[in-house]
Amino acid sequence: MSKYSSVFDIVGPAMIGPSSSHTAGAARIGLMARNIFNTEPKNIKIIFYGSFANTYKGHGTDLAVIGGLLGYSADDQRIVNSASDAAKLGINVELTTSSKETEHPNTVRIIMEKNGRTFEVVGISPGGGRAEIIEINGFKMKAVADSNFLLIFHIDKYGVIAAVANLLASHGINIGHMEVARKSKGAEALMVIYTDQQVPDNMAAALKNIQHVSDVVVFNQ
């Protein structure tokens with residue numbers, strides 16, 4: 001039996017904790033992580049830092065993140081049972097904490113694995129139910145919930161950025177903001193592209209056909 005009797009014990013009018021960052025924001029981080037992984041993970045490791053580490057049990061932050069990883073929205077009543085739901089689905093969840101200092105007190109690292117494919121993301125909840133992903137697979141970046149954005153994993157080669165921009169333009173998709181991170185010259189790189197319009201899911205395949213592009217994630221608000 002859940003230690004909470006209602007979803008409103010976690011999110012909503014009777015929310016546990018001083019702010020929605022520990023619950024609604026945490027759920028949105030989990031949901032963003034799932035969408036970035038682009039499938040339901042089989043094995044999940046969740047590491048809480050800062051205030052998340054100190055209060056996650058009492059505030060239901062663990063259930064919120066797990067719920068998001070299962071595809072539940074922040075106001076989904078199933079969040080209260082997310083840990084048992086994950087177990088029923090055969091998903092292995094490991095919860096742990098770290099005393100390592102982070103730039104933001106509400107920080108969580110999520111490592112997702114399925115069939116040998118692994119993604120590691122770091123998210124923060126800056127307050128008011130907001131959520132941001134600030135690191136993916138070692139790349140420092142920023143992806144904000146309630147935005148349309150693309151994640152394009154590629155090799156740092158001449159012309160890749162131009163090819164991506166041209167393909168989006170040819171489909172009437174305007175780039176509002178772009179960030180590019182690379183591990184070293186000519187090595188793995190990541191483009192984070194915010195768009196003014198939602199990007200059709202079938203665009204992922206077209207973008208992935210661009211030479212030196214290895215993976216594409218479409219995230220629409």
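From the list 136, 111, pick out the single residue that is out of contact with any Leu (no Cβ under 8 Å at 6 or more places or on another chain) and either among the β-branched types (Val, Ile, Thr) or modelled with pLDDT of 95 or more (or both). Break it down into steps so the answer makes sense when it comes.
On the way: 136 fails: out of contact with any Leu (no Cβ under 8 Å at 6 or more places or on another chain).
Among 136, 111, only 111 is out of contact with any Leu (no Cβ under 8 Å at 6 or more places or on another chain) and either among the β-branched types (Val, Ile, Thr) or modelled with pLDDT of 95 or more (or both).
For region 146-174, give me each residue that is touching a His at 6+ places or on another chain (Cβ under 7 Å) and outside any loop (DSSP other than H, G, I, E, B).
154, 155, 160
Which one of these is among the small types (Gly, Ala, Ser) and either part of a strand (DSSP E or B) or touching a helix residue (DSSP H, G or I) at 6+ places or on another chain (Cβ under 7 Å) (or both): 53, 26?
Step by step, each of 53, 26 is checked, and only 26 is among the small types (Gly, Ala, Ser) and either part of a strand (DSSP E or B) or touching a helix residue (DSSP H, G or I) at 6+ places or on another chain (Cβ under 7 Å) (or both).
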Somewhere in region 117-138, is a residue under 19 Å from residue 32 (Cα atoms), in contact with a His (Cβ under 6 Å, 6 or more places away or on another chain), touching a residue at least 12 places away in the same chain (Cβ under 8 Å) and in the same structural domain as residue 48 (by TED's automatic domain parsing)? yes
Which of the following residues is closer than 29 Å to residue 218 by Cβ and modelled with pLDDT under 90: 75, 85? 75
Go through region 199-221 and give me each residue that's within 18 Å of the chain's Cα centre (by Cα) and surrounded by 13 or more Cβ atoms within 10 Å (Cβ to Cβ). 199, 204, 215, 216, 217, 218, 219, 220
Just give me the residues in region 57-72 being over 17 Å from residue 36 (Cβ atoms), surrounded by fewer than 24 Cβ atoms within 10 Å (Cβ to Cβ) and either at pLDDT 90 or above or touching a strand residue (DSSP E or B) at 6+ places or on another chain (Cβ under 8 Å) (or both), in sequence order. 62
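Of 161, 175, which residue is modelled with pLDDT of 95 or more and surrounded by 17 or more Cβ atoms within 10 Å (Cβ to Cβ)? Give the derivation first.
Numbers: 175 fails: surrounded by 17 or more Cβ atoms within 10 Å (Cβ to Cβ).
It is 161.
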Hey, which of the strands (runs of 3 or more DSSP E) in region 59-145, taking only ones fully inside, have at least 2 residues that are among the hydroxyl-bearing types (Ser, Thr, Tyr) and out of contact with any Lys or Arg (no Cβ under 6 Å at 6 or more places or on another chain)? 92-98, 117-127
Assess whether residue 49 counts as being farther than 25 Å from residue 217 by Cα, at pLDDT 90 or above and not polar (S, T, N, Q). yes
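The values are calculated or read from the model by the stated rules, or taken from the named source; none is laboratory data. Here the structure is a predicted model, which is why all the values come from computation and not from measurement. Note that we place each Cβ from the backbone using ideal geometry, even for glycine, and neighbour counts take in every protein chain shown.
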